[in-house]
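Worksheet for the structure shown next.
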Amino acid sequence: MSGSVLRRSLGRLRCANLNARKRQAYITSTAAAVQHVRQNHHDASAEASTSVAAELETPKGGKMASGTSIRRKKKAAVKSELVVDPDDATYKAELKTLLSANSVVKHLQAIASARETSFHDIESIVPQRSSPPGSDKYVEEYNNFLDKLLRSFSRKQLYRYSKQQKLPARSNTKKPDLCMYLMEKQWGWPSLSEIQRRQRDRSEILSRKFIMTAPEAFLLLGQDGSNLLDLSMKYNVHVRFEANPVSMTVEGVKVSLDALEEELHSFKKDVVQEVFQLPTQRETRSDLLRRISRMTTALAESIGPGEIRFTYVRGDNSVCRAKRLATRASCETENKVDTPLLAYRPAPPAQLKHLTAPSLYSEDHALYPFLPSRALPWTVTAGGAFRVRRVGAWLSLNTSEDILSTGGLAGMRGENISSNDQHHDLLEVLSPSSRPAPFGTTRSIVASTGHVIFVTPFTGGKSSLLPPLKGSWPLKRILVWARDLKQHHLFNGSAPATFIQPLPGQQQLLHRLVYYALPSVSEEHQEAYSVERLPQREFLEVEIELTLSKTSTSTPFDDDAVTDIEPRSLVPPINTGGSEVFSENILAEKSEVPHGNETTDSFEPLADEGQILDEPTASQVPQHSFPVVCIAGTERVLDLMMPNRPMDLRFTVTDTKRVSHEEQPQLIQKYLANLKSFLLETSNLTQPHTPVMVEYQGMPYVLYSSLNVRQRTDISNGVKVVSEIALDLEGSEKSTLCKAFCNNTSSDAEWTSFLQRCDRITSEPRAGPDIDRVRLPRLGGEFDKEQKKLWATG
């Protein structure tokens, strides 16, 4: 009986899968119980033996028992000692009392009776996670939970539980792996190995190389490397480029490298290429293509005469601006004609005529290094800039011309000489009597201030201070040198400092488009121009007026005047193809100053400016008018070099006529309509693109400039002088200009007043570098929807 009890106990022990200590405790307690039972049985047997002996000693009837009966009785007593009846109630009660006192036995009995683990048994031991992942406390909680699962359940029980929860666990998974799998997938405990891997990825510095093509590397750099800098700061990595092969090496933590690699993969998929046909069939200079690429962040490459391949990022509108710049560059190269040049040589001052030493008044001139107040036009590649100035005499005599003594241009005592040393009358050169204005047009002469400069070719090194013509020479010899050696000169516009100062109530904000006609084949091979035969070009000009209000015209040319404007006074941007320029608002006011040769009515809008038109809509958005002036005609240009003064002059003769709305090119009409809708509507409209080519009267015209202009007007003695600060929306270049107008060349008095005005503005010093601090309000780029709504609602 005792052997069967031990076998049953050991069988239960194996099913329970307890540890060795519990097994030993159970065996010890069970053996003690069996020993106790045996002892009881032994005591019972002893009593039986005693009774048998007594019975043998005192036989019944006073007779001694025989040997056979004695042996039979002893055998029965031994048998009773070895065999215990399992159905004996006393035995069962005593054994039950002994076993119930052991808790291990109770636990084994509970497991044996249940046979299968329930869902609630496993869920009941899941603790609440309180520590953040990655902390030391979390590691301790994780390990304690894992150890508890390992001690409490078998692998089969845990696998059966995973199947009940529909978790894709494998049947051959080891028990520790299965426990961690349940902890992470079922109860959402972050993996310790994953946490350690992430910590290692965030701390270990790695290096990775990305192979790229040259266009991809250029686009990734962005304008002046701004995109690459943003990537480096965004992912906190160190980036360097290698040329052979074109690649980018990035150093940083693994997390940053993986994120950067994903972004680069997406970036490469968005890189597209497009072939663009130029209106001219000539190859564009490579240096201009490089400048276009830097200004627009769209890579431009020449693949043949009249063909350019643009590489850009999909969705980037910079390619539109790049196309306009490439078209403009090709047309300027095609139409590159040296403007005829005259040099003004004033008469000697009256107070020096009596001097016997002529050396006190030197007539020698030289090319001096010239530093423009702002950069030269982007289409000009120069290694150095030089301007002709009179060589100063000794004794510190003033080298500038004294207009009161010499009489200036209006006094007509000086000479306007050409390379053949002949004097030319300005009025006869600009508006000869033999060449009146065409019928239906109005002639106007405009004098613009600036500097006539000679440039040296750029050789790839540093700029040079050595002039192309060394030494001092008479003015005539310099003109001959420029003519014979075909030294190209350019006119760099600039304005006197006094004309940049603001005057209240005399300012306008304009958006101006200028188109020039493409030359015909016969015009490309014509003979060189001269003073007697000025070059002539057809042009088309569109000007949109956004007049500044009187409340914001106190200091429009000052930085504070721009930054202090209320959001309500902002005008939504005009598309610039990549340039962002914002303007101040004002409801258009009727201009009191004519534009060129136009009358005041040329600026008259369709309705009274500032009037809110009635509109049967719920929004009650006012309808503003943007006066548009479109003129077409021809222009001729002459440069006048004035070495004795701070500034030179460029004379432009225009014969223009007004172009009605019906006569305007279709693309211009569409652009103006879209522009008005964009400025007035509060919905999310896309900004219109400036047409790069239009057709007018059967001739193709190419966009030459798209400008935003802040204009100040001053009228004195019947002569209008306009000072402008203009921003080229295509080339992102700022320029200043001062222009004097003469609209009646047949009047000698008006012509004299015009020349006197020219003498005055050229004798004043030019605006210094401080003008570069002036920030012109911008029209273009993205515009905030709320600002547009505020402006539209007045």
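The values are calculated or read from the model by the stated rules, or taken from the named source; none is laboratory data. If you're wondering where the values come from, they're calculated on a predicted model, not measured in any experiment. Ideal geometry is used to build each Cβ from the backbone, glycine not excepted, and the neighbour counts take in all protein chains shown.
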Cβ contacts < 8 Å: first residue under 10 Å from residue 178 (Cα atoms), restricted to the stretch 151-164; second residue hydroxyl-bearing (Ser, Thr, Tyr) and surrounded by 18 or more Cβ atoms within 10 Å (Cβ to Cβ), any location; separation 6+ or different chain. Result?
162/181
Selection count, the stretch 646-667, where residues are of a type in the set (Lys, Arg) and within 13 Å of residue 442 (Cα to Cα):
2
Among strands (runs of 3 or more DSSP E) entirely within the stretch 648-758, at least 2 residues that are over 40 Å from the mean Cα position of the chain (by Cα) occur in 648-658, 699-716, 719-728, 733-742
Complete set of residues in the stretch 427-467 that are surrounded by fewer than 20 Cβ atoms within 10 Å (Cβ to Cβ), of a type in the set (Ser, Thr, Tyr) and assigned to a loop (DSSP other than H, G, I, E, B)
433, 434, 441, 459, 463, 464
Can you find a residue that is assigned by the TED database to the domain that holds residue 646, of a type outside the set (S, T, N, Q) and assigned to a strand (DSSP E or B) anywhere in the stretch 396-411?
no
Matching residues in the stretch 179-216 - criterion: being over 18 Å from residue 259 (Cβ atoms), surrounded by fewer than 18 Cβ atoms within 10 Å (Cβ to Cβ) and at pLDDT 90 or above:
211, 213, 214
Any residue that is among the aliphatic types (A, V, I, L, M), within 16 Å of residue 387 (Cα to Cα), in contact (Cβ under 8 Å) with a residue 60 or more places away in the chain and not in a strand (DSSP E or B) - is there at least one of those in the stretch 468-476?
yes
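If you check 695, 733, 724, which single one turns out to be closer than 23 Å to residue 658 by Cα, among the charged types (D, E, K, R), buried (at least 17 other Cβ atoms within 10 Å of the Cβ) and touching a strand residue (DSSP E or B) at 6+ places or on another chain (Cβ under 8 Å)?
On the way: 695 fails: buried (at least 17 other Cβ atoms within 10 Å of the Cβ); 733 fails: closer than 23 Å to residue 658 by Cα.
Exactly one residue qualifies, and that residue is 724.
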